[in-house]
1. Condition first: within 21 Å of the chain's Cα centre (by Cα) and over 15 Å from V265 (Cβ atoms). Now tell me which residues in the stretch 39-79 satisfy that.
2. Taking into account only those residues within the stretch 124-155 that are free of Cβ contacts under 8 Å to residues at least 12 places away in the same chain and of a type in the set (F, W, Y), which is surrounded by the most Cβ atoms within 10 Å (Cβ to Cβ)?
3. If we scan the stretch 279-289, do we find a residue that is under 26 Å from the mean Cα position of the chain (by Cα), within 20 Å of I96 (Cβ to Cβ) and loosely packed, with under 12 Cβ neighbours inside 10 Å?
4. State all residues of the stretch 276-289 that are touching a Gly at 6+ places or on another chain (Cβ under 9 Å) and among the aliphatic types (A, V, I, L, M); if no residue qualifies, say none.
5. Going by the conditions given, is G202 modelled with pLDDT of 95 or more, in contact with a helix residue (DSSP H, G or I) (Cβ under 9 Å, 6 or more places away or on another chain), in the same structural domain as A106 (by TED's automatic domain parsing) and at positive phi?
6. Provide a single number: the residues in the stretch 32-62 that are in a loop (DSSP other than H, G, I, E, B) and touching a strand residue (DSSP E or B) at 6+ places or on another chain (Cβ under 6 Å).
7. Hey, could you check the stretch 15-31 for residues that are closer than 16 Å to Y3 by Cα and in contact (Cβ under 8 Å) with a residue 40 or more places away in the chain and say which is farthest from the chain's Cα centre (by Cα)?
8. Given the options K165, K169, K182, K121, name the one that is of a type in the set (K, R), under 19 Å from the mean Cα position of the chain (by Cα), over 22 Å from R253 (Cβ atoms) and exposed (fewer than 13 other Cβ atoms within 10 Å of the Cβ).
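The values are calculated or read from the model by the stated rules, or taken from the named source; none is laboratory data. What you see is a predicted model, and the numbers here were worked out from it, not measured in a lab. Counting neighbours? That spans all protein chains shown, and the Cβs are built from the backbone with ideal geometry, glycine included.
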Amino acid sequence: MAYVVMENDIADFKPFRNHMKTQEHYDWTTPYGYGGPLLEGEISLDWIHNAEQEKETYAKEHNIVSEFFRFHPLLQNQKKLESDIKVLYMKKTVYIDTQSEDVIYANMTPNNRNMVRKAEKNGVQIFFDKGERIDEFVEIYNETMQNHNADEYYFFEKKYFEFIKTQMKENVLFGYAEYEGKIVSASIFFFNEEYMHYHLSGTLFKYRNLGAANLLLTKAALWASEHQIKEFHLGGGVENEDSLLRFKKHFNRNGLIDFCIGSKVFLPEVFEELVKLRTKVDSTFDLNKPFMIKYRG
């Protein structure tokens with residue numbers, strides 16, 4: 001069993017800056033997107049429980065206050081941890097069964113097939129690369145987030161995209177929809193031998209009704225199928241049943257799966273002190289907000 005986490009100095013959290021000593025207390029979170037433990041082979045619940053106990057001992061010895069995980073909907077890796085950490089269902093996400101082209105199209109809604117045909121009829125062309133046109137992707141992505149008044153959480157520095165391009169080149173695919181010589185929609189996909197994931201995307205507002213994003217995702221699903229990738233995860237919406245989730249549901253009428261999060265507090269006394277500090281120094285802090293790591297809510 002292995003975890004991929006980010007270890008954060010809690011003193012670097014914006015509300016706590018200048019109110020805490022640095023390098024004193026930390027917490028763990030999964031990187032942006034979905035994660036949780038990777039389990040290989042048949043592992044008993046007793047073995048997992050013992051591993052979690054060892055992890056907790058390590059955390060306490062190294063001033064790790066808490067941990068927070070976004071579990072992966074395709075892996076459903078929260079199921080074997082429910083007796084050791086607090087698990088909470090969040091919302092539905094969508095996946096595409098990519099075992100064959102016929103299955104991909106059979107699971108689509110008629111509306112989505114019509115949008116795909118509309119894009120093709122209008123001459124939209126799809127191509128993929130490894131990030132050679134990354135500047136165009138960033139421009140389209142940022143414009144899309146601005147048009148949706150997205151939170152700061154959804155904006156990234158240029159170095160983030162450069163890291164993806166250079167350090168993940170064996171497992172990343174950039175997709176583009178071109179119309180009349182102009183890139184109008186773009187996406188980043190992650191993949192391995194079994195799964196593909198829709199990471200980030202954007203579509204220029206002027207061309208939002210062209211069907212370019214529908215065609216781009218369809219071609220990405222077909223690419224996955226051609227490369228023997230069995231499932232393509234699209235993620236969900238920002239909220240349950242918002243327009244983004246409804247858009248994704250058109251790609252698989254039977255593709256809803258659960259997304260869960262999880263947390264554990266290793267140092268409860270420190271945790272409570274951090275909640276009190278957040279209440280004291282941040283007038284906008286809502287103590288009643290349902291956030292698992294309360295001081296970060």
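1. Answer for the stretch 39-79, where residues must be within 21 Å of the chain's Cα centre (by Cα) and over 15 Å from V265 (Cβ atoms): L39, R70, F71, H72, P73, L74, L75, Q76, N77, Q78, K79.
2. Y154
3. no
4. Of everything in the stretch 276-289, just one residue is touching a Gly at 6+ places or on another chain (Cβ under 9 Å) and among the aliphatic types (A, V, I, L, M), namely L287.
5. Here the answer is no, as G202 does not meet what is asked.
6. 2
7. D27
8. K169
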